[in-house]
1. With (1) open to solvent by less than 50 Å² (accessible area, probe 1.4 Å); (2) of a type in the set (Val, Ile, Thr); (3) assigned to a helix (DSSP H, G or I) as the list, and Val134 as the residue in question, which single condition is left unmet?
2. Has the range 189-198 got any residue that is under 30 Å from the mean Cα position of the chain (by Cα), under 16 Å from Val274 (Cβ atoms) and loosely packed, with under 15 Cβ neighbours inside 10 Å?
3. Please find, among Tyr108, Tyr82, the residue that is within 16 Å of the ligand (Cβ to nearest atom), touching a residue at least 40 places away in the same chain (Cβ under 8 Å) and not charged (D, E, K, R).
4. Tell me which of these Thr89 doesn't satisfy, since it passes every other one: (1) open to solvent by less than 40 Å² (accessible area, probe 1.4 Å); (2) under 25 Å from Leu174 (Cβ atoms).
5. Is it fair to say Glu179 is touching a residue at least 40 places away in the same chain (Cβ under 8 Å), out of contact with any Cys (no Cβ under 9 Å at 6 or more places or on another chain) and assigned to a helix (DSSP H, G or I)?
6. Of the residues Val172, Val145, which single one is in a helix (DSSP H, G or I), more than 30 Å from Ala12 (Cα to Cα) and open to solvent by 40 Å² or more (accessible area, probe 1.4 Å)?
7. Hey, can you tell me all the residues within the range 83-141 that are charged (D, E, K, R) and farther than 25 Å from Phe15 by Cβ?
8. Out of the residues in the range 41-79 that are of a type in the set (D, E, K, R) and under 26 Å from Phe17 (Cβ atoms), which is nearest to the ligand (Cβ to nearest atom)?
Amino acid sequence: MQYSTQNLLCSAFAFVFGAAVGSFLNVCIYRWPADLSINRPRRSFCPQCKQPIPWHHNLPLISWLALGGRCAHCTAKIPFRYFAVELVTALLFLAIWQRFPWQMAIAYWVFVSFLIIGTFIDFEHFIIPDRVTVGGTIAGVAFSVVIPALMQTESRAAAGVRAVLAGALGYVILWIVLEAGKIAFGRKRIEFDGPTPFTWTKRDDDDAHFIVGTEESLWSEYFAREKDRLLLQCDEVRVDDREYGSVTLAFHYDRVNADGRVLLLDDVTHISGVTRELVIPREAMGRGDLKFLAAIGAFLGWRAVLFSLFAGSLLGSVIGLGTLVVGKPVWSAKLPFGPYLAFGALTWIFFGEIVLHWYGTLLTP
Ligand SMILES: [Zn+2]
């Protein structure tokens with residue numbers, strides 16, 4: 001009886017502590033991509049009106065619900081993401097606390113915090129900052145030395161070496177996948193069912209809106225390297241006030257070649273026309289994912305690297321097929337892989353042993 005009361009109190013603490021940490025993770029998710037310091041200004045502020053948020057309007061989970069997801073000052077909508085991050089963090093902290101001895105639990109709390117920041121930044125910005133990936137790798141090695149059980153050993157030295165090797169494995173294995181992917185799916189050809197209107201409109205910030213059919217995107221999303229090329233086969237096209245008939249526009253990030261005539265995009269403000277086929281220079285995934293998988297290895301070991309890659313790819317394919325069936329996005333150049341890797345890593349933490357056991361029974365007759 002006494003034990004269960006104590007257990008309940010500890011679990012309640014883990015949940016509330018997780019919600020509070022989630023509130024802090026929200027700050028990192030908002031500020032790290034923009035390179036704002038997390039300490040200055042010290043108080044949280046509304047992303048819309050920049051007003052500081054008083055502490056009694058900044059209680060994890062409760063405030064968002066009580067204020068109906070709006071800023072108390074300007075009534076701008078506070079994205080659901082803030083609530084979701086706090087809830088997910090609280091639930092994960094609770095689940096980890098109930099499952100693992102306290103030393104392991106603390107290490108996993110830190111680890112899932114990195115996972116959550118990386119996942120939500122990747123969703124919004126299609127990058128994972130070094131603070132998450134490199135920071136996570138360093139933290140993983142440090143925690144493995146302090147808590148060798150993370151690497152299934154009792155020796156601190158062995159745990160440190162294993163964490164470093166697992167991190168390296170994560171980086172190298174995904175690098176190989178990335179390089180192979182460049183050859184296999186380096187470019188993606190999209191044939192439209194019929195003539196499809198498109199527009200390319202310069203923005204103030206050196207980028208451009210690129211709209212094909214109903215797909216809107218930013219120009220900068222397509223180009224990662226100097227030699228990346230985007231081809232647009234057009235029935236008719238208008239570049240500012242110059243008309244072209246049937247022509248293939250060959251774009252680089254800074255210029256376009258139309259029938260041998262090269263125009264610098266700096267000098268162009270508007271391109272529109274009708275297209276039949278688009279070839280995009282598709283990068284299979286970003287470099288941040290390599291370092292993200294390294295962090296997963298440094299915290300969870302080499303088997304988790306292989307499992308996360310496998311489970312993440314599997315989920316990615318299922319979701320890819322799902323969107324094909326539902327018929328929602330027609331095509332997209334964006335591919336955030338970080339959230340899928342994070343899914344694989346979380347699955348490993350909670351079900352890794354079951355998976356290993358099941359795999360073992362497959363191998364032993
Ligand atoms: Zn506000």
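1. Result: Val134 fails condition (1) only.
2. Of the residues in the range 189-198, the ones under 30 Å from the mean Cα position of the chain (by Cα) are 189-192, 198.
Within this subset, residues satisfying the condition of being under 16 Å from Val274 (Cβ atoms) are 190-192, 198.
Now drop any that are not loosely packed, with under 15 Cβ neighbours inside 10 Å, which leaves 191.
Taking every residue of the range 189-198 in turn, at least one turns out to be under 30 Å from the mean Cα position of the chain (by Cα), under 16 Å from Val274 (Cβ atoms) and loosely packed, with under 15 Cβ neighbours inside 10 Å.
3. Unique residue meeting the criteria: Tyr82.
4. (2)
5. On the way: touching a residue at least 40 places away in the same chain (Cβ under 8 Å): no; out of contact with any Cys (no Cβ under 9 Å at 6 or more places or on another chain): yes; assigned to a helix (DSSP H, G or I): yes.
Spelling it out, it is not the case that Glu179 is touching a residue at least 40 places away in the same chain (Cβ under 8 Å), out of contact with any Cys (no Cβ under 9 Å at 6 or more places or on another chain) and assigned to a helix (DSSP H, G or I).
6. Numbers: Val145 fails: more than 30 Å from Ala12 (Cα to Cα).
From the options Val172, Val145, the qualifying one is Val172.
7. Here is the first cut: in the range 83-141, the residues charged (D, E, K, R) are 86, 99, 122, 124, 130-131.
Listed by number, the residues that qualify are Asp122, Glu124, Asp130, Arg131.
8. Out of the qualifying residues, it is Arg43.
The values are calculated or read from the model by the stated rules, or taken from the named source; none is laboratory data. What you see is a predicted model; the values in this text were computed from it and never measured. Cβ coordinates were reconstructed from backbone atoms using ideal geometry, including for glycine residues, and neighbour counts include every protein chain displayed. We work out accessible area using only protein heavy atoms, side chains counted, and drop any ligands, DNA or RNA first. Shrake-Rupley method; radii C 1.70, N 1.55, O 1.52, S 1.80 Å.
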